Amino acid sequence: MLDAFFTVNLSKQFNFSIAYKGLRSLGNYQNALTSSGNFRFTTNYKTKNGKYNAKGHIVMQDLLNQENGGLKDEDIENFTSGDEEFIDRSVFDPNFENAENVLEGKRFFFNHSYNIIKKNDSLNKNNLSIINTISFEDKYYQFYQDAPTIDFFGDNFTNNINDKVTLENFETKLGFSYYNNILGKINFNLEYTNINYGYGGVVLLFPEELIPNRIKADFLGLSAGYSKTIKNINLSSTAGLNLSDDFSGNFINGNIDFKLNKDILLFGGMNISSKLPNYNYLLYQSDYINYNWYNLGSYNNVNTQQISFGLKSKKFFNAYVDISNIDNYTYFNLEETIDQNRIIKPQQYNSPLQYLRIKAQKEFKLGNFALDNTIMYQNVVSDNDVLNVPAFITRNTLYYSNQLFKKAMTLQTGVTFNYFTEYKMNGYDPLLAEFYTQNENKLGGFPRLDFFINAKIRQTRIFLKAEHFNSSFTGYDYFSAPNYPYRDFTIRFGLVWDFFL
């Protein structure tokens, strides 16, 4: 992996940056290559009097994955046995070796504002600005396979699988932002959105079921925000509304922070939202017959109500609690398995479900040694198992940190322990590149130990990490999804070098 970043200030009013991140990773299993590229350009400009400000960015990325469908069911026992014959992972024959999916996207963003009123004196501060934002996103997702795998995905229309979906999303908003030291900060926006999502042609399923090829919409929206600081209390809120029949939606967010003293910060929040499921739940087409559906008009909005609260304290601990109630939860579901042929469809759960998370974090220090602990408890209450999560997740890092050679070098080394309890882990579908709910197998409950060394000398940082070094002696029962083993013992080495001129 290479991540290069260059930024320059051409003047006090103008700067820009160019960055590129590239990754190429060849897995130990057959047909398991990942390759990605990400280009980023940003710029920022303001006039000398500070009245006009503009900033923008351009992002272009591509992500390619070779897909193999994971290990065959009959090979799971060979993997978990730890037999030396199968330690070389290339000896496994995966479900298929002729498929790839790719995601490519471009985003162009521009935001500029003009200060109409800018008045600052000892008693009164006023600032009124007009703000305009323009955003355009163009992306496509493609899955191709030179020969179908009928016993995995089911029957097909053609022998050359080539599924491609595109999305064009244009958004712009025009509004104002007003700040007063007594009233606080208020902003209001009128928004316009244009969406074009879909495929090249329609699909006719038997008996006479027509799957359209496009979801098109353009609609107006309204959004507003408010923030205010009153002594040790910070208040902030945002709200939005779509003025559309087909794409109706709204959201309200509210947050409050209270600085109890120099060490303790209390915070809380509320989030209420209503929105349609993602596009691939509403419309999907494929050369595989099972992967064709159209649900726009039959799926309801996903309604979420969430409250959260917590505290931050270096002396005591950090804690976070959130409780969510979700109506019309939408998910991909493993409906049934016939031999090895899986039937996966989007589904909407028409009963409410409740989701609880409790997270605590505390670091203990003794001299140059430290123990950083994070633990999270999760629980979902619903009539059916549609949202499966591990009950407990823990991450604990024991490390040593010190400055050596007359403080010329900072050294940090230690071990990180990761663990989550066994649960009905989501499966992975390589055609959709999405996870789906399954209730046939319980996975998890395996420890993962990582050893790391970080060294920083002036503007250079060197790091070495031995990931999952316990894999050979704690059992080969580690999976990231059913039939998809987690990584074996891996050593990573890297260098970060900053240049300043």
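For LEU183, the shell of other residues with beta-carbons less than 12 Å away shows a net charge of +3, using +1 for Lys and Arg and -1 for Asp and Glu.
Farthest towards the positive end of the charge dipole of the chain, among the residues THR133, ASN160, ILE76, is the Cα of THR133, using unit charges on the Cβ of Lys, Arg, Asp and Glu.
Region 333-402 and region 194-239 have Cα centres spaced 28 Å apart.
Applying both filters, DSSP loop and at most 14 other Cβ atoms within 10 Å, to the trypsin sites (Lys or Arg not before Pro) of region 361-461 gives LYS406, LYS407, LYS442, ARG458. Applying the Kirkwood pairwise sum to the alpha-carbon positions of region 401-448 produces a hydrodynamic radius of 14.6 angstrom. For the chain, a crude dipole built from +1 on the beta carbon of Lys and Arg and -1 on the beta carbon of Asp and Glu, taken about the Cα centre, is about 4840 debye to the nearest 20.
The value for region 277-356 of Rg(Cα) / (2.2 N^0.38 Å) is 1.59. How far is the Cα center of region 263-298 from the Cα center of region 11-54, in Å? Region 263-298 and region 11-54 have Cα centres separated by 28 Å. Considering only ASN31, LEU64, PHE92, and ranking their Cα positions along the charge dipole of region 1-117 that arises from unit charges at the beta-carbon of Lys, Arg, Asp and Glu, the one farthest toward the positive end is LEU64. Inter-label distance, ASN234 to THR394: 3.3 nm, where each label sits 7 Å from its Cα along the C-beta direction.
Ordering TYR377, LEU404, LEU356 by the projection of their Cα atoms onto the charge dipole of region 331-501, which places +1 on the Cβ of Lys and Arg and -1 on the Cβ of Asp and Glu, puts LEU404 at the extreme positive end. In this structure the amide hydrogen of TYR419, modeled in the peptide plane, comes within under 5 Å of the amide hydrogens of THR394, none closer than 5 places in sequence on its chain. Loop-located chymotrypsin sites (Phe, Trp or Tyr not before Pro) in region 397-452 (DSSP state not H, G, I, E or B) with no more than 13 neighbouring Cβ atoms inside 10 Å: PHE405. Placing dummy labels 7 Å off each Cα toward the beta-carbon, the span from GLU335 to ALA217 is 2.4 nm. What the Cβ-Cβ distance of PHE500 and ALA147 gives, at R0 = 60 Å and to the nearest 0.05, is a FRET efficiency of 0.65. In order along region 162-178, the Karplus-derived 3J(HN,Hα) couplings, from 6.51 cos²θ - 1.76 cosθ + 1.60 at θ = phi - 60°, round to 8, 9, 9, 10, 10, 9, 10, 10, 10, 9, 9, 9, 10, x, 9, 10, 10 Hz, and Gly and Pro are given as x. How much net charge surrounds GLU85 when only other residues with a Cβ under 13 Å from its Cβ are counted (Lys, Arg +1; Asp, Glu -1)? With Lys, Arg at +1 and Asp, Glu at -1, the net is -4. For the pair ILE307 and ILE134 in one chain, pulling the backbone fully straight at 0.36 nm per residue adds 59.1 nm over the alpha carbon distance. Magnitude of the charge dipole for region 331-501, about its Cα centre and with charges confined to Cβ atoms of Lys, Arg (+1) and Asp, Glu (-1), is about 1280 debye. Apply 1/(1 + (r/R0)^6) to the Cβ-Cβ distance of ASN318 and GLN13, taking R0 = 56 Å, and write down the FRET efficiency to the nearest 0.05. Computed FRET efficiency for ASN318 and GLN13: 0.90.
A Förster distance of 30 Å, applied to the separation of the beta-carbon atoms of LEU464 and ARG24, puts the FRET efficiency at 0.90.
Using only side-chain charges placed at the Cβ, +1 for Lys and Arg and -1 for Asp and Glu, the dipole size of region 121-269 relative to its Cα centre rounds to 1240 debye. All C-alpha to C-alpha distances of region 163-272, sorted into 5 Å bins beginning at zero, yield P(r) values of 2, 10, 14, 13, 13, 11, 10, 8, 7, 5, 4, 2, 1, 0 percent in whole numbers.
Overall dimensions of the chain, expressed as equivalent-ellipsoid semi-axes from the Cα gyration tensor (√(5λ), whole Å, largest first), are 40, 34, 26. What is the sum of charges around LEU398, taking Lys and Arg as +1, Asp and Glu as -1, for the other residues whose C-beta is under 12 Å from the C-beta of LEU398? Result for the local shell: -1. Across region 126-142, computed HN-Hα scalar couplings (Karplus, 6.51 cos²θ - 1.76 cosθ + 1.60, θ = phi - 60°) run 9, 8, 10, 10, 9, 10, 10, 10, 10, 9, 9, 10, 10, 8, 9, 10, 9 Hz from first to last residue, x flagging Gly and Pro. How many nm separate the modelled label positions at LYS51 and THR172, each set 7 Å beyond the Cα in the direction of the Cβ? A separation of 2.3 nm, rounded to one decimal place.
Every number here is computed from the coordinates shown, using simple stated rules; none is lab data. Keep in mind it's a predicted model, so treat the numbers as computed, not measured. So basically every Cβ, Gly included, is an ideal-geometry build from the backbone, and we count neighbours across all protein chains shown.
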